[in-house]
Amino acid sequence: MPVSRPQPPRPHPLLHALALWLGATTAAWAADEPAVAAGEALPAITVTGQSERTATEGRDSYTTRATHTATGLRLSPRETPQSISVVTRSQIDDFALRDVRDLLSATGGVRVERVETDRTYYSARGFDIINFQVDGLGLPFATGDQLGDIDTALYDRVEVVKGANGLSSSTGNPSATVNFVRKRPTPGLQASAGLTLGSWNQRRLDADVGGALNAAHSLRARVIAAVEDRDSYLDRYHLRKTVLGTVLEADLGPDTVLTGGLSQQRNRPEGVMWGGLPLHRSDGSLTNYPRSASSAPGWTYWHTDDTQAFVELDHGWGGGWRSRATVLHRELASDAELFYVAGTLNPDGSGLSTYPSAYRHRERQWVADMNLGGPFTLAGRAHEARVGLSWSRSVNALRSSYAGVGESLSEEAMLDGSTPRPGFDKERVDGFADFADYRRTLYGVVRFNLSDDFKLITGANLTQARSDGIQYGETHRYRKRKTTPYLGALVDLDAHHTVYASYTKIYNPQFKIDVDNRVLDPLEGRSVEAGVKGEWLDGRLQGGLAVFRVTQENDPVYAGFGPNGSYYEGIDATSTGFELDLAGRIGRDWELAGSYTQLRLEDDDGNAARTFVPRRMFRLAASYRVPALPGLKLGASVNWQSRSYRDEALAGGGTTRVLQDGYALVDLMARYEISKHLSAGLNLRNVTNERYLSSLYWSQNYAGAPRHVSASLNWAY
C-alpha cells in the first residue's frame with residue numbers, strides 16, 4: 001500500500017500572486033540568460049576538502065548558495081525561514097569594504113551607530129545587535145559595543161540573520177546575528193596582493209596566499225596579512241592597524257579533516273574621541289561645527305588587540321552523518337587614555353568641564369562546541385537533524401583611573417584639542433570591574449520533509465547562564481536557565497517560490513546598570529516573521545519579502561552619564577515592519593544586492609521608541625562588466641535612510657530636538673583588468689559630499705566623512 005502524503009496548507013492567494021510577481025521581474029533576464037554549457041561551472045560554493053566548511057570564495061557573486069548561520073543546517077537562503085543578508089567577497093572587493101562598519105552599513109536592514117571614532121553600536125529591526133560570531137561560534141559583546149574596527153581581510157563573506165536567533169546564538173537580542181565566515185585553505189595555489197592609496201594619507205598593503213603543502217593535497221594552508229596607516233578628516237585622528245591570520249588544514253583520513261588557525265588584529269588609533277561633540281546648547285539652540293571638528297586632544301589613544309585561535313575536527317560517519325568539534329579561544333585587550341567633555345554647553349561657550357580617564361580592559365573567551373548531524377528516514381520520507389552541546393567562559397577585567405576631572409573647559413579649547421595630558425597614575429584604580437560569565441547549552445533542530453512541497457523546522461536551545469563578580473561597585477551576578485524554541489514552516493509554491501513563517505525567541509542576562517548602579521533585569525525577546533522567497537536563474541538570483549513583529553522587553557536605553565559612567569533604563573518596545581531584498585547575478589555582466597526596510601518602533605504606551613533609529617532604509621549596490629570594453633567593471637552603491645531625531649531635556653526645563661534629516665550616501669567604483677594577473681581599481685565615497693551626523697544614539701556625536709577617494713593596484717594568481 002503506498003504511503004499517503006500529507007497535503008501542504010494552501011497559501012493565501014495574495015502571497016501566491018506576490019510570488020508570481022517576483023518571478024515575473026526576472027522573466028526577461030531568464031530569457032536572455034545563456035544556457036550553461038556542458039562542463040561550465042556555476043558560481044556555487046565548492047567544497048575542496050572533506051569538511052563542508054572548506055569553501056572557495058564566490059568572487060563573481062553577490063549572494064551565496066548555502067548558509068549555516070540560522071539553524072546550523074546547511075540550507076539555501078530560500079530554505080531558511082528567516083531573512084538573511086549576505087555580503088560576499090566579490091562585493092567586499094568591488095566597494096573596498098575593508099572595515100566591518102562600512103560593510104554592515106551596506107547590509108540590508110542594518111544600522112551602524114558610530115558613536116565615537118573607535119566605538120560602535122549596531123542595530124537591526126530597531127534593536128541593538130550584540131552577537132558577532134566567527135564560523136558560527138561567539139559570545140555577545142561583554143560591553144554591548146564593538147571597540148575599534150574589524151578588518152574584513154580574514155573573511156570570505158559575512159552573513160546576517162535577522163530577528164531572534166536563540167537556537168544558534170543561545171543569548172542575545174532579537175535583532176540579528178552577524179556571522180563572519182573565515183577564508184579557508186584552497187587545494188590549488190592561489191595568491192594575491194594589493195596596494196591602496198587614498199584620501200587623508202591612506203596607505204594599505206594586502207597579501208593572501210593559499211594552497212597545498214604536499215603533492216597529495218592532503219595538507220593545505222592559507223596566510224593572510226594586511227597593514228594600514230592613515231590620517232582622518234577629523235582633526236588629530238590617526239590610525240595604524242595590522243592584521244595577520246593563518247589557517248592549516250589536514251586530511252587525517254578519507255572522512256576526517258583537522259583544521260587549526262591563529263589570527264590577530266592590532267589597532268593603534270590616536271586622537272580618539274570618548275563621547276563626542278555637544279549637539280545642543282543650554283538654551284536649546286543646536287551646534288553646527290565644521291566636519292573636521294573633534295573633542296579629542298592629540299595625546300588620547302585607544303589601542304585594541306583581538307587575538308583568536310581555534311581547532312576544529314570534522315568527521316564523516318557514513319550515510320551523510322557528520323560530527324564537528326571546535327574549540328575557540330579569543331582574547332580582547334584594550335589600553336586607553338581618553339578625554340570626555342562633561343557638562344552642558346552655554347551660548348557663550350562656557351559650561352563644559354574635563355573628564356579624562358585611563359582605561360584598561362581584557363576579556364578572555366573560551367568556547368567549545370560539539371555537534372552531530374545528518375539525514376534519517378521516518379514514515380517513508382528523508383529528514384535531517386542536528387544536535388549539539390556547547391560550553392563557554394568569558395573572564396573580564398576592567399580598570400579605570402582619573403586625573404584632572406572637573407576643570408573648566410571652553411568651547412574653543414575643546415575644539416583645538418589644547419587640553420594637556422593629565423598626570424595619570426595607572427597604578428591607582430578609581431573604578432574597576434572583575435566578572436566571569438559562564439554558559440552551557442544543549443541544542444537540537446530537525447528539518448521534517450513532510451512532503452515534496454512542505455518543510456517544517458523545529459528546534460530548541462536549553463541554556464544555563466550565570467555570572468559572578470563585581471562591576472564598578474555593584475555585584476555583577478545572575479543565574480538564568482531558559483529554553484528558547486525555534487519553529488519554521490516553508491511551502492514551495494512552484495520551482496522558484498516559497499512562502500514561509502517562523503517563530504523564534506531569545507533572552508539575554510544584562511550587564512548594563514541603571515541610575516542607581518544596579519544591573520538591569522534580563523532582556524526577553526521574540527520575533528514572528530512571514531513572507532515569500534524566490535530564486536531564479538539556477539539560483540544565481542535570490543530575493544524575498546518578509547513581514548515581521550519583534551518584541552523586546554527590558555530593552556536598555558541610554559539615559560545619562562553619572563559618576564560610574566553611562567547608565568541606562570529598561571523599556572519594553574515592539575518593532576513591526578517589512579523588508580524587501582534582491583541579490584545575485586543577472587546575466588553575465590550584472591551583479592546586485594538591494595534591500596528596503598520599513599518599520600514602526602513603539603513602547604508599551606504606543607509612543608515612538610528609540611527615535612534615533614531611522615524608520616526606513618534603502619540599500620543598493622550594483623556592478624556591471626562592460627562588454628564593449630573587456631576587463632572594465634563599473635559600479636555604484638546607494639545607502640539611504642529616512643530622518644531620525646533625539647529629544648534632549650534642558651536644564652532650565654523643556655526639551656530641544658536634534659533632527660537628522662533623511663540623506664543618501666552614493667559611492668562609485670571602477671576596476672580595470674590590465675592583464676590576466678594585474679588590475680587597477682578606483683573607489684569614490686560620498687560622491688555628493690552629503691553632510692550628516694554619524695549617530696544620534698547618544699547626546700554627543702560628530703560629523704560623518706565627506707567625499708573621499710582611494711585607488712588600488714591588485715595582483716592575483
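Any residue in the range 437-448 that is in contact with a Gly (Cβ under 7 Å, 6 or more places away or on another chain), part of a loop (DSSP other than H, G, I, E, B) and touching a residue at least 40 places away in the same chain (Cβ under 8 Å)?
Looking for residues that are in contact with a Gly (Cβ under 7 Å, 6 or more places away or on another chain), part of a loop (DSSP other than H, G, I, E, B) and touching a residue at least 40 places away in the same chain (Cβ under 8 Å), one finds none in the range 437-448, hence no.
Just checking, how many residues over the range 498-508 are surrounded by fewer than 18 Cβ atoms within 10 Å (Cβ to Cβ) and in contact with a Lys or Arg (Cβ under 9 Å, 6 or more places away or on another chain)?
As a first pass, look at the range 498-508 and keep what is surrounded by fewer than 18 Cβ atoms within 10 Å (Cβ to Cβ): 501, 503.
Then keep just the ones that are in contact with a Lys or Arg (Cβ under 9 Å, 6 or more places away or on another chain); that gives 503.
The qualifying residues number 1.
Could you list, in sequence order, all residues of the range 131-165 that are modelled with pLDDT under 90 and either farther than 22 Å from Ser595 by Cα or of a type in the set (Ser, Thr, Tyr) (or both)? Steps first, please.
Within the range 131-165, the first condition is being modelled with pLDDT under 90, and the residues that meet it are 138-149, 165.
Those that are modelled with pLDDT under 90 and either farther than 22 Å from Ser595 by Cα or of a type in the set (Ser, Thr, Tyr) (or both): Gly138, Leu139, Pro140, Phe141, Ala142, Thr143, Gly144, Asp145, Gln146, Leu147, Gly148, Asp149.
Can you work out which of the residues in the range 84-117 that are open to solvent by 10 Å² or more (accessible area, probe 1.4 Å) and of a type in the set (Ser, Thr, Tyr) is nearest to Ser502 (Cα to Cα)?
Ser85
Tally the residues that are surrounded by 24 or more Cβ atoms within 10 Å (Cβ to Cβ) and either without any contact (Cβ under 8 Å) to a residue 12 or more places away in the chain or farther than 27 Å from Leu601 by Cα (or both), restricting the search to the range 118-140.
1
For the range 186-225, give me the residue count where each residue is over 26 Å from the mean Cα position of the chain (by Cα), assigned to a strand (DSSP E or B), under 17 Å from Gly260 (Cβ atoms) and not small (Gly, Ala, Ser).
Matching residues across the range 186-225 total 2.
In the range 438-459, which residue that is of a type in the set (S, T, N, Q) and open to solvent by less than 20 Å² (accessible area, probe 1.4 Å) is farthest from Asn371 (Cα to Cα)? Steps first, answer last, please.
Kept after step one, since they are of a type in the set (S, T, N, Q), are these residues of the range 438-459: 441, 449, 451, 458.
Subset that is open to solvent by less than 20 Å² (accessible area, probe 1.4 Å): 441, 451.
Details: Thr441: 11, Ser451: 27 Å.
Once the filter is applied, the top-ranked residue is Ser451.
Go through Asp369, Asp348 for me and flag whichever is charged (D, E, K, R) and either open to solvent by less than 30 Å² (accessible area, probe 1.4 Å) or under 26 Å from Leu73 (Cβ atoms) (or both). Walk me through how you get there before you give the answer.
Details: Asp348 fails: either open to solvent by less than 30 Å² (accessible area, probe 1.4 Å) or under 26 Å from Leu73 (Cβ atoms) (or both).
Of Asp369, Asp348, the one residue that is charged (D, E, K, R) and either open to solvent by less than 30 Å² (accessible area, probe 1.4 Å) or under 26 Å from Leu73 (Cβ atoms) (or both) is Asp369.
Of all residues being charged (D, E, K, R) and free of Cβ contacts under 8 Å to residues at least 40 places away in the same chain in the range 509-535, which is least open to solvent (accessible area, probe 1.4 Å)? Just the residue, please. Even if it seems obvious, please write down each step before you answer.
Quick first cut of the range 509-535, residues charged (D, E, K, R) only: 512, 514, 516, 518, 521, 524, 526, 529, 533, 535.
This time we only want the ones that are free of Cβ contacts under 8 Å to residues at least 40 places away in the same chain, so: 516, 524.
On the way: Asp516: 94, Glu524: 42 Å².
Checked the range 509-535; the qualifying residue least open to solvent (accessible area, probe 1.4 Å) is Glu524.
Please determine, by comparing only the residues of the range 677-707 that are in contact (Cβ under 8 Å) with a residue 60 or more places away in the chain and surrounded by fewer than 16 Cβ atoms within 10 Å (Cβ to Cβ), which one is farthest from Ala649 (Cα to Cα).
My answer is Pro706.
Going by the conditions given, is Lys482 modelled with pLDDT under 95, in contact with a strand residue (DSSP E or B) (Cβ under 6 Å, 6 or more places away or on another chain) and crowded, with 18+ Cβ neighbours inside 10 Å? Break it down into steps so the answer makes sense when it comes.
On the way: modelled with pLDDT under 95: yes; in contact with a strand residue (DSSP E or B) (Cβ under 6 Å, 6 or more places away or on another chain): yes; crowded, with 18+ Cβ neighbours inside 10 Å: yes.
Yes, satisfied.
In the range 284-307, is there at least one residue being under 28 Å from Ala193 (Cα atoms) and surrounded by fewer than 18 Cβ atoms within 10 Å (Cβ to Cβ)?
Residues of the range 284-307 that are under 28 Å from Ala193 (Cα atoms), as a first pass: 303-307.
Right, trim to surrounded by fewer than 18 Cβ atoms within 10 Å (Cβ to Cβ) and you get 305, 307.
Taking every residue of the range 284-307 in turn, at least one turns out to be under 28 Å from Ala193 (Cα atoms) and surrounded by fewer than 18 Cβ atoms within 10 Å (Cβ to Cβ).
Read through the list (1) part of a strand (DSSP E or B); (2) surrounded by fewer than 17 Cβ atoms within 10 Å (Cβ to Cβ); (3) of a type outside the set (Asp, Glu), then give the number of the only condition that Val658 fails.
Among (1) part of a strand (DSSP E or B); (2) surrounded by fewer than 17 Cβ atoms within 10 Å (Cβ to Cβ); (3) of a type outside the set (Asp, Glu), Val658 violates only (2).
Only one of (1) under 26 Å from the mean Cα position of the chain (by Cα); (2) free of Cβ contacts under 8 Å to residues at least 12 places away in the same chain is not met by Asp348, so which one is it?
Result: Asp348 passes all but (1).
Select from the range 181-203 the residues that are closer than 15 Å to Asp151 by Cβ, among the basic types (Lys, Arg) and in contact (Cβ under 8 Å) with a residue 60 or more places away in the chain and write down the one among them that is most open to solvent (accessible area, probe 1.4 Å).
Arg182
Looking only at the range 204-220, count how many residues are in contact with a Pro (Cβ under 9 Å, 6 or more places away or on another chain) and either buried (at least 17 other Cβ atoms within 10 Å of the Cβ) or of a type in the set (Asp, Glu) (or both).
Number satisfying all stated conditions: 3.
Condition (residue is of a type in the set (A, V, I, L, M, F, W, C), part of a strand (DSSP E or B) and open to solvent by 20 Å² or more (accessible area, probe 1.4 Å)) applied to the range 141-151: is it met by at least one residue? Lay out the reasoning, then the answer.
Taking the range 141-151 and keeping what is of a type in the set (A, V, I, L, M, F, W, C), we get 141-142, 147, 150.
Then keep just the ones that are part of a strand (DSSP E or B); that gives 147.
Still in the running and open to solvent by 20 Å² or more (accessible area, probe 1.4 Å): 147.
Within the range 141-151 (the criterion being of a type in the set (A, V, I, L, M, F, W, C), part of a strand (DSSP E or B) and open to solvent by 20 Å² or more (accessible area, probe 1.4 Å)), the answer is yes, since at least one residue qualifies.
The values are calculated or read from the model by the stated rules, or taken from the named source; none is laboratory data. Model, not experiment: these values are computed from the prediction. As a convention, Cβ positions derive from the backbone with ideal geometry for all residues, glycine included, and neighbour counts pool all protein chains shown. Heads up: the accessible areas ignore ligands, DNA and RNA and are worked out on the full protein's heavy atoms, side chains in. Shrake-Rupley method; radii C 1.70, N 1.55, O 1.52, S 1.80 Å.
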